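See structure below.
The values are calculated or read from the model by the stated rules, or taken from the named source; none is laboratory data. Just so it is clear, the model here is predicted, and its values are computed rather than measured. Every residue, glycine as well, gets a Cβ built from its backbone with ideal geometry; the counts of neighbours run over all protein chains shown. We work out accessible area using only protein heavy atoms, side chains counted, and drop any ligands, DNA or RNA first. Shrake-Rupley method; radii C 1.70, N 1.55, O 1.52, S 1.80 Å.
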Amino acid sequence: AKENKHIERGGWHAELSFHHKSLVTQATARALAQQFNIAVQTALASSSTPAVELPPVEFGTCFLAIAHGRPLFLEPRLQGRFQKWNSNCGAVHYIEGEEEAVDSDGVAAAVHVPQAFTHWTHHASGGRRMVCDLQGVFTGEVYQLVDPVIHSVGDGGHRTGKFSRTDRGSHGVVD
């Protein structure tokens, strides 16, 4: 469970709005990850190049709970080594030993799939959204990710505001 570490002006309703936007962000990232996984499998199935295995990307289902009068954001507990693959301001985090593109078994290195997902979300949305700040656990079979950021670009290049205060709009996409 996570409590908003910032006290929202506007009291309880502002806190609920903050957490609601976090739920929208998580659900949108989860739907985009499902589309990405399908696109990857479709591309690999139709490719004439040697098979490369790409582990799927997943975001767990989150919930909003009220405890002692305070809204709490509940996300799945992850088992394993927590890692961060990229940030919401353009940084790519490389993990020691993961620089190789493909290992000896034909599995893509753990660092590349999250970066590909971020790139794909930008491309697939026509530049209107980009999921980043990818963090979580790589189990060896799946990327279990939590707490993403979505930068969204509305009309005129302005952020839509749909995805919480971490949505930096076109500034986040450019970074």
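The simple Förster model, with R0 at 35 Å and r as the Cβ-Cβ distance, assigns T61 and V174 a FRET efficiency of 0.65. Taking E15, E141 and ordering them by how much accessible surface each has at a 1.4 Å probe, largest first, produces E141, E15. Rolling a 1.4 Å probe over the protein chains gives H119 an accessible area of about 130 Å². Phi angles across segment 68-80 convert, under the Karplus curve 6.51 cos²θ - 1.76 cosθ + 1.60 with θ = phi - 60°, into 3J(HN,Hα) values of 6, x, 10, x, 10, 9, 9, 10, x, 7, 9, 9, x Hz, Gly and Pro given as x.
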